[in-house]
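The values are calculated or read from the model by the stated rules, or taken from the named source; none is laboratory data. No experiment lies behind these values; they were computed from the predicted model shown. Every residue, glycine among them, receives a Cβ derived from its backbone with ideal geometry; neighbour counts consider all protein chains shown. Accessible surface is based on the protein model in full, side chains and every heavy atom, while ligands, DNA and RNA are left aside. Shrake-Rupley method; radii C 1.70, N 1.55, O 1.52, S 1.80 Å.
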Amino acid sequence: MSEQIKMPMQEWSSADKALWDRLIQKGNPFDDQGALSHLRPYTLKLMHTGYGIWLKWIAEFTPEAISLSPEQRATPEQMKAWVESMATLAPSSRHIYFNNAFRTLKAAYPKTDWSMQKRLTAYLERDAKNYISIRKNGRVVSSEVLFKTGLELASTGTDAARTQIARMKHRRDGCLIAFLAAIPSRTRAMVDLQVGKSLLIGASNITVCLEDDITKTGVHWETEVPAPLMPVLEEYLNEVRPWLMTRRGQEHDYVWVNDKGAPLTREYFTAKIRRVSQRELDVCLSPHLFRDAAATTLARESPADARLIRSLLGHSSHETAERYYNHAEALDATRTYADIVNTAKGGHRCRGFQRTPRAGDQSDCGRS
């Protein structure tokens, strides 16, 4: 969507190209460095997209403003008109596009009075936070159901498969659904998982370890694979994945593979989750809805642990102290969430999923 409504950089004016190049210019501590040079590539891409969308709107609706400097174009009236033209988009999209374009302009012209534009940004942020998408109505399935569906598909779901390839695909799809339900990672993190690098296999446990260049927040994040998922994941890694890779002579370390044994792309992964969820649950779920399901399940089943949602999903605040707090709680958050999922589907808190005891707990097992 964003690629269709943004102006390609080759069509930017010379002033806009120079502005961007100046902002991202690298250098040593003794040279002039761009105001955005410290940002991660992912963040720069978002800002570049937002600014490109702003330029495309100007070219189409106020072409006479193209000849002005980037600063002169960005009047409160002009930017308000741009926001109003995006009325058909979701509030979150409006906020993201506007905020990234505005951040670019603020960085380029730090001495300009942007007070009115800041107020507009604050309004868009509030609107995005208060908006509940009607597209999610009826589509946020509980994590207990998602996890159980994945386990069943990976085991008994293969009974109906007539061929070996069909059985292997069922086992992979089931493991994929169960893994995403138990560890609701972002799409990029899922497709980038690699054995020995971000999926560490020990003698008695398996750890997911995401370095800061994979996470959206730029913060290292890790957790252990919950016990009930271990047998299914080990079967996938030891039997299904090698079988699929051998079919076409594939050799790589990526965890998740397609029918031909090649690493999953983001597009294939998203389409696969949608197809499998539609087939098994009669509800088309995107990978992101698994994250919504995790947050909803944790908040509903254990309100006292709702504070762990940010750590479970790998979110991070803008405060440095909070960044370290989130990192320290990530393991505890996943164990607590996994414990809830297992208990809700009929398990017992002392079996399967285990969580780390906290101060104030009456016993390791709770009371029956």
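Here the calculated FRET efficiency for ARG119 and ASP253, from their Cβ-Cβ distance with R0 = 56 Å, stands at 0.70, rounded to the nearest 0.05.
Spin-label pair LYS80-LEU237: with each label point 7 Å from Cα along the Cα-Cβ axis, the two points sit 5.7 nm from one another.
Packing order of peptides 19-26, 85-92, highest average first: 19-26, 85-92 (average count of other Cβ atoms within 10 Å over each peptide's residues). For the cross-link pairs LYS45/LYS118; LYS6/LYS197; LYS56/LYS129; LYS118/LYS272; LYS45/LYS197, the ones whose C-alpha atoms lie over 29 Å apart are LYS6/LYS197; LYS118/LYS272.
The H on the amide N of LEU199, modeled in the peptide plane, is under 5 Å from the matching H of GLN194, CYS209, each at least 5 residues off or on a different chain. Remark on ILE206: its backbone amide H falls under 5 Å from those of VAL225, a criterion applied only to residues 5 or more positions apart or on other chains, H modelled at 1.01 Å from N.
For trypsin sites (Lys or Arg not before Pro), the sites in region 31-131 that DSSP calls loop and that have at most 11 other Cβ atoms within 10 Å are LYS111. Accessible surface area normalised per residue over region 54-108 is 45 Å², counting heavy atoms of protein chains with a 1.4 Å rolling probe. Starting from the Cα of HIS220, step 7 Å toward the Cβ, then list every residue of region 244-274 with an amide N under 17 Å from that point. Once the point is set 7 Å along Cα→Cβ of HIS220, nothing inside region 244-274 turns out to lie under 17 Å by backbone N. Residues TYR123, TYR97, TYR42, TYR236, ordered by accessible area of protein heavy atoms at a 1.4 angstrom probe radius and largest first, appear as TYR123, TYR42, TYR97, TYR236.
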